[in-house]
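Notes to accompany the following structure.
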2 protein chains.
Amino acid sequence: MEKNRPIILVTNDDGIVSQGIRALVEVAAKFGEVYVVAPDKPQSAMGHAITISQPLRLSEVDIFGDKVSKAYECSGTPVDCVKLAVDKVLHRRPDLCLSGINHGSNAAINVIYSGTMSAAMEAAIEGINAIGFSFLNYSHHADLRACKYYAEKIIDNCLENGFPQSALLNVNIPDLPMEKIKGMKICHQANAKWEERFDERTDPQGRKYYWLTGNFIARDTHNDADWNSLHEGYVSIVPIQYDLTSYSDISLLKESWEDLSE
Amino acid sequence: MEKNRPIILVTNDDGIVSQGIRALVEVAAKFGEVYVVAPDKPQSAMGHAITISQPLRLSEVDIFGDKVSKAYECSGTPVDCVKLAVDKVLHRRPDLCLSGINHGSNAAINVIYSGTMSAAMEAAIEGINAIGFSFLNYSHHADLRACKYYAEKIIDNCLENGFPQSALLNVNIPDLPMEKIKGMKICHQANAKWEERFDERTDPQGRKYYWLTGNFIARDTHNDADWNSLHEGYVSIVPIQYDLTSYSDISLLKESWEDLSE
């Protein structure tokens, strides 16, 4: 490989054998030297979980051919993968971390539950520029050509024009044929929630158990909300930060609360 | 119980038998009718994980005596507990959700990894006013008197003066004798990170495994940062929101990126 190519860490939450990470590795290999550290099993909806009560395993795998310098499957969560990659695989911070391509949306409130985005956020916390990619199609046999096209454009744009201050982007790609996609849009996280509903069943021993299901409730009417832009046919790009402080509430609280000194 | 007392859901991430949740239940019982739905085992550092590949179990337990109306242990994550409580235990949204008291700090970047705070955040997403409490002492035999005193003051203040717009507070209590605590302070989330370091070991079969360890790196010099306020002897109170958009980066990206329409 030529010298001075960026070191790119690729991870995901669907597991190292998913089609989505394979597509992302192909794109990443056009830009730099690729290392993969990804979960050895599906880790969707793991949020920012880390493994503190179990030891972690790393095993080298050879499933990406000459697209990668090294690839490892890890027994932990997506966030564990990033931490282990920096400390035990690369022994340095990579120049870029790419997470995905997730099979399913991480727009709107999904960003909070997403293992894909939490891995990318962990990289950003460690000072690494990071992008999470998600596709609004849950099938593991989906056509990922539009995803690869836009992933390449976005990585290229970031390397050319610089990353946001927050160092982190949440990219979602609509489930449309490439020619139907209207382009890309810089968005904010749509205000939305999942309305929880559990499917109650009874096991052969007569004990109840519950499966999580739910309905997605969109509550944002702005055109620039990521959820809305996706439904209009745009690739949504949201700059993401991890300071959860509600600054507007700080002054409100200082005014309304008394006796703070007691 | 008297009529019209608020319905209060109590949960945590250390598990239903921890001392922290017992202390919080005692405080909550002074304000309303208490229901507990908490993990049946420790779920620290689970972040905003939800359980989608396994069914969940709920079992009624009788360990809080007459302090609670009902208490259940749940096989899932802290976020699962809140979702199940609303849909299958209360069949309505509670008036208030309290999470903790966590055995260990959730100040600064710890809020991202915290199961305690993710449970409270899940409640806020569902439109429920919520407070997460954490104590800067990891011992499960710690003296929780100062925690109970300040939890009561803060809940009282919220019910009297109203919740922040974001509906969510992250409260951390310093590990000091009550008379040494200087009071409460409205703070922002301190800029900080964990510097990952894995302890590498070899199992009896000769295979390597890794334990997550790390050093906390404080990077915030403001007096109003929660981490700094705690070290000065204050109880820190941070209003928290779950819109992760970095709004300042939106205009920057719109300016620097071209060809968005392609």
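The values are calculated or read from the model by the stated rules, or taken from the named source; none is laboratory data. All values reported here derive from a predicted model rather than from experimental measurement. Heads up, the Cβs are rebuilt from the backbone with ideal geometry, glycines too, and the neighbour counts pull from every protein chain shown.
Is it true that B:GLY233 is among the small types (Gly, Ala, Ser), farther than 18 Å from B:ALA120 by Cα and free of Cβ contacts under 8 Å to residues at least 40 places away in the same chain? Against the criterion (among the small types (Gly, Ala, Ser), farther than 18 Å from B:ALA120 by Cα and free of Cβ contacts under 8 Å to residues at least 40 places away in the same chain), B:GLY233 does not qualify. Tell me, please, whether a residue that is surrounded by 15 or more Cβ atoms within 10 Å (Cβ to Cβ) and farther than 30 Å from A:ILE181 by Cβ can be found in segment B:249-259. No, segment B:249-259 contains no residue that is surrounded by 15 or more Cβ atoms within 10 Å (Cβ to Cβ) and farther than 30 Å from A:ILE181 by Cβ.
Taking the listed residues A:THR213, A:THR221, the one that is β-branched (Val, Ile, Thr), farther than 21 Å from B:ILE240 by Cα, without any contact (Cβ under 8 Å) to a residue 60 or more places away in the chain and more than 10 Å from chain B (Cβ to nearest Cβ) is A:THR221, with no other qualifying. Every residue in segment A:196-239 that is of a type in the set (Val, Ile, Thr) and either in contact with a Gly (Cβ under 6 Å, 6 or more places away or on another chain) or part of a loop (DSSP other than H, G, I, E, B) (or both), please. Residue satisfying the conditions is A:THR221 alone. Quick check on my filter: what residues within segment A:57-94 are outside any loop (DSSP other than H, G, I, E, B) and aromatic (Phe, Trp, Tyr)? Within segment A:57-94, A:TYR72 is the sole residue that qualifies. Of all the numbered requirements in (1) at the interface with chain B (Cβ under 7 Å from one of its Cβ atoms); (2) modelled with pLDDT of 95 or more; (3) closer than 16 Å to A:PHE133 by Cβ, A:LEU176 misses one, and that requirement is (1).
Checking each residue in segment A:15-56 for being within 13 Å of chain B (Cβ to nearest Cβ), modelled with pLDDT of 95 or more and assigned to a loop (DSSP other than H, G, I, E, B) picks out only A:GLY15.
Of all the residues in segment A:122-136, those that are surrounded by fewer than 20 Cβ atoms within 10 Å (Cβ to Cβ) and either at positive phi or in contact with a His (Cβ under 8 Å, 6 or more places away or on another chain) (or both) number 1. For B:VAL10, the conditions (1) in contact (Cβ under 8 Å) with a residue 24 or more places away in the chain; (2) touching an Asp or Glu at 6+ places or on another chain (Cβ under 9 Å) all hold with the exception of (2).
The set of residues in segment A:207-247 being among the β-branched types (Val, Ile, Thr) and under 19 Å from the mean Cα position of the chain (by Cα) consists of A:VAL235, A:ILE237, A:VAL238, A:ILE240.
When B:LYS148, B:LYS182 are checked against the criterion of being at the interface with chain A (Cβ under 8 Å from one of its Cβ atoms), surrounded by fewer than 22 Cβ atoms within 10 Å (Cβ to Cβ) and either closer than 24 Å to B:SER118 by Cβ or charged (D, E, K, R) (or both), B:LYS182 stands alone in meeting it.
The residue list A:GLU160, A:GLU152 contains one member that is at pLDDT 95 or above, closer than 27 Å to A:ASN129 by Cα, assigned to a helix (DSSP H, G or I) and not β-branched (Val, Ile, Thr), which is A:GLU152. Residues that are of a type in the set (A, V, I, L, M, F, W, C), free of Cβ contacts under 8 Å to residues at least 12 places away in the same chain, under 17 Å from A:GLU195 (Cβ atoms) and within 8 Å of another protein chain (Cβ to nearest Cβ) do not occur anywhere in segment B:76-84. Taken as a whole, the structure leaves B:TYR234 outside the set of residues that are within 7 Å of another protein chain (Cβ to nearest Cβ) and in contact with a Lys or Arg (Cβ under 6 Å, 6 or more places away or on another chain).
Can you tell me which of A:SER59, A:SER53 is surrounded by fewer than 20 Cβ atoms within 10 Å (Cβ to Cβ), over 28 Å from B:SER118 (Cα atoms) and either free of Cβ contacts under 8 Å to residues at least 60 places away in the same chain or of a type in the set (D, E, K, R) (or both)?
It is A:SER59.
The residues in segment A:95-132 that are part of a loop (DSSP other than H, G, I, E, B) and either hydroxyl-bearing (Ser, Thr, Tyr) or over 15 Å from A:CYS158 (Cα atoms) (or both) can be counted, and the count is 9.
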